[in-house]
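Each value in this text was obtained by applying a stated rule to the coordinates, not by laboratory testing. As the structure is a prediction and not an experimental result, all values here were calculated from the model.
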Amino acid sequence: MTLSKDNEAPSFAREANPNLDRSELRVNMHKFTLNMIDAEVHFRLRYSDADCSRSRVINEVLANWAQRQWEAAQIQCDKAGDNPFAVIAAKPLEFVQPQSEDKFECVRASVPKTTLQVISAAAEHRKAFQGVNADRGTVVNEVMNEWANQKWHGATLTLKLCEGNPLDSDSAGGTHA
């Protein structure tokens, strides 16, 4: 697919400086996801990583996701070769109703440009081929929400299957309330 003047590649102001290897990511994130990020930060601060922060957790999750996306794209391009279906029919974009703002909180994180480029590519792919009006914030929220759900599921299974803290010295009564 060639880009014409009518269909130019998107440009983002935060990516304009080629001398920087990181860019500020700002996204309205669901409070449940933010609570899971905070829980991960508190756990790490208490047990393993005295320098942990929201930004570090967000970066780790997004970097792992971006790496998987990049590797999948490389494998697909290597195996498929040239695209025989060069002409793609344009799909109209669906309008997505904004969700209630009271369930979201603005979060900022310094993210490597390479991660942002993969996020931007995923958003553009969704616009072009899935007909979804997606932006980088939408992609970041989907990735972080999936991570938060997996963390929450693992935590609830642990609490369900373990009646109390296995280390008696840390247990406040043997059971989780």
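The stretch 112-160 and the stretch 27-77 have their alpha-carbon centroids 11 Å apart. At full extension, ASN35 and SER53 could sit 5.2 nm farther apart than now, given 0.36 nm per residue minus the alpha carbon distance.
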